[in-house]
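The values are calculated or read from the model by the stated rules, or taken from the named source; none is laboratory data. Just so we're clear, the structure is a prediction, and the values are computed from it rather than from any experiment. Cβ coordinates were reconstructed from backbone atoms using ideal geometry, including for glycine residues, and neighbour counts include every protein chain displayed.
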Amino acid sequence: MFKSVARAVGHFLLVSVVLLVIGLGIVVSQHGSVNFGDAPLAFKVGGEGPFVFFENNQMAVRYIRGSRDEGFTVESDYYAVGESVPANVYFALDDSTYSFVLNPPAETPPAIYNDNEPILAMSDLEGNFHTFREFLLAHGVVNQHFDWQFGQGHLVLVGDMVDRGQSVTQLLWFIYKLEQQALLAGGRVHYILGNHEIKNLQGNMQSAADKYTPIAGFLGKSPAELFTENTYWGRWLASKNTVEMINGHLFVHGGLHPDVVKHQWDINVMNQRIRDYYRQMYYSGLVDEKTQSLLSTETGPAWFRGYLRDEVTDDEFERVLAFYNARSMIVGHTLQFRVNSQFVNRLFAIDVKHPNDYRGSFPVKSSEGLLIKANQFYRLTDDGEKHPL
């Protein structure tokens, strides 16, 4: 009797282990991970801000103060629109603060650059400020005080900085801070919009961290109202491009569908046409066929995945590069195990699973990026190393 029970238990344990290994294998093969849950600090909202709204021809700058135990208040100050305003951002994970100056909302940046300066690109950080900050420190883009030290170089963020993570506030304002500092140094931060930025501009906050519901509520808003045309974030993001060419390299969140050649889309015209619809939810029949190819959630530059799903031939891809006289295309959006090159070093896929600021996982996640320097391509890892591609 005892042997039978022991044998049954042994078989059960063996089968359980086998199923667990198979399950983990499937999760890993599909770029999945097992999360360990968020640290309590992830939900801290006291100190969040600034949240900037345009009201009655003034700029209202608001911070959430307090805690669950002592209660919350909203601190509001009003400034003339266009006035430069000093601001501070609090990060609960390491109890740190950084400062920046809030300047008049930016105008639309150029979409084409030629200067042969180095380019460092990352994508899909999804509201994870800490991992971004530490990666930039490891590769000398910022110094120990987290200020810009990349000189005249280009830092290119290839979309999906928002949603999912608990540090969207900290990440967005850090990008803004570096953008201002880079300009003063002769460099550039390029914030290219992905599908999640466009979703937020359209009021779609389904992928936002739960934390932003009470944050918006304390401000008397819904989460979608954090990105309207009456907010600083909304105007800042709506000024950005979806496609840029930097030193001969095309940067786009999803990818440029081969139809851009058929429709003869100029880069500047393409950006403006998409920008015209940043706040309009797309549906079939909204626009003519030519414009639809840019707005579609299947073929639009912020959405297209065809290059990484074997839906585009080598010839079709080369025709796209040739049409724009481009050396390569760099895309995010479609998750990869590591930064890699495809189409004979002409397409670079840089969307990887970055570490979550407040959540551990198995397998352990690590950040990566792409460096383009002196016509050479390197995979950057978060330990500060670079590996030729």
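Structural remarks
- Scan of the stretch 269-296 for residues that are of a type outside the set (Phe, Trp, Tyr) and surrounded by fewer than 15 Cβ atoms within 10 Å (Cβ to Cβ), ordered by number: Val269, Gln272, Asp276, Gln280, Met281, Ser284, Gly285, Leu286, Asp288, Glu289, Lys290
- With respect to (1) within 23 Å of Ile246 (Cβ to Cβ); (2) not assigned by TED's automatic domain parsing to the domain that holds Gly369, the lone exception for Gln152 is condition (2).
- Cβ-Cβ distances below 6 Å connect the following pairs, each with a first residue in the stretch 71-93 that is within 19 Å of Pro104 (Cβ to Cβ) and hydroxyl-bearing (Ser, Thr, Tyr), a second residue that is in a strand (DSSP E or B) and at pLDDT 95 or above, and a separation of six or more residues or different chains: Tyr78/Gln58; Tyr78/Ala60; Tyr79/Met59; Tyr79/Val85; Ser84/Val101.
- Filtering Lys211, Lys290 for residues that are touching a residue at least 12 places away in the same chain (Cβ under 8 Å), assigned by TED's automatic domain parsing to the domain that holds Ala374 and within 30 Å of Leu41 (Cβ to Cβ) leaves a single hit, Lys211.
- Scanning the stretch 353-367 for residues that are in a helix (DSSP H, G or I) and buried (at least 17 other Cβ atoms within 10 Å of the Cβ) turns up nothing.
- Between Ala322, Ala349, the distinction of being aliphatic (A, V, I, L, M) and within 23 Å of the chain's Cα centre (by Cα) belongs to Ala349 only.
- Candidates Ser284, Ser222, Ser293, filtered to the one that is more than 23 Å from Ala121 (Cβ to Cβ) and in contact with a His (Cβ under 8 Å, 6 or more places away or on another chain): Ser293
- Scan the stretch 251-267 for residues that are part of a helix (DSSP H, G or I), touching a residue at least 12 places away in the same chain (Cβ under 8 Å) and farther than 19 Å from Tyr113 by Cβ and the total you get is 3.
- Qualifying residue in the stretch 183-192 (condition: crowded, with 22+ Cβ neighbours inside 10 Å, in a strand (DSSP E or B) and basic (Lys, Arg)): yes
- Cross-chain or 6+ apart pairs with Cβ under 7 Å, the stretch 170-188 first and in the same structural domain as Leu157 (by TED's automatic domain parsing), then of a type in the set (A, V, I, L, M) and assigned to a helix (DSSP H, G or I): Arg188/Ala182
- Some residue of the stretch 351-366 being of a type in the set (D, E, K, R), in contact with a Pro (Cβ under 7 Å, 6 or more places away or on another chain) and modelled with pLDDT under 95: yes
- Residue pairs meeting the criteria (Cβ under 8 Å; at least 6 apart or on separate chains; first free of Cβ contacts under 8 Å to residues at least 60 places away in the same chain, in the stretch 220-235; second of a type in the set (D, E, K, R) and part of a helix (DSSP H, G or I)): Glu229/Arg235
- Looking at Asn247, Asn241, Asn271, just one residue is at pLDDT 95 or above, within 30 Å of Asn375 (Cα to Cα) and over 19 Å from the mean Cα position of the chain (by Cα), and that residue is Asn247.
- Which listed residue is assigned to a strand (DSSP E or B), in contact (Cβ under 8 Å) with a residue 40 or more places away in the chain and touching a Gly at 6+ places or on another chain (Cβ under 6 Å), from Leu370, Leu380: Leu380
- Listed here are the strands (runs of 3 or more DSSP E) enclosed by the stretch 46-109 that have at least 1 residues being over 22 Å from Ala238 (Cβ atoms) and in the same structural domain as Gly187 (by TED's automatic domain parsing), and there are none.
- Exactly one residue among Glu225, Glu229, Glu244 is part of a helix (DSSP H, G or I) and among the charged types (D, E, K, R), and that residue is Glu225.
- Per the listing Leu125, Leu137, the residue uniquely within 20 Å of the chain's Cα centre (by Cα), surrounded by fewer than 18 Cβ atoms within 10 Å (Cβ to Cβ), on the phi < 0 side of the Ramachandran plot and assigned by TED's automatic domain parsing to the domain that holds Met205 is Leu137.
- Residues being surrounded by 22 or more Cβ atoms within 10 Å (Cβ to Cβ) and closer than 17 Å to Arg279 by Cα - total across the stretch 201-221: 1
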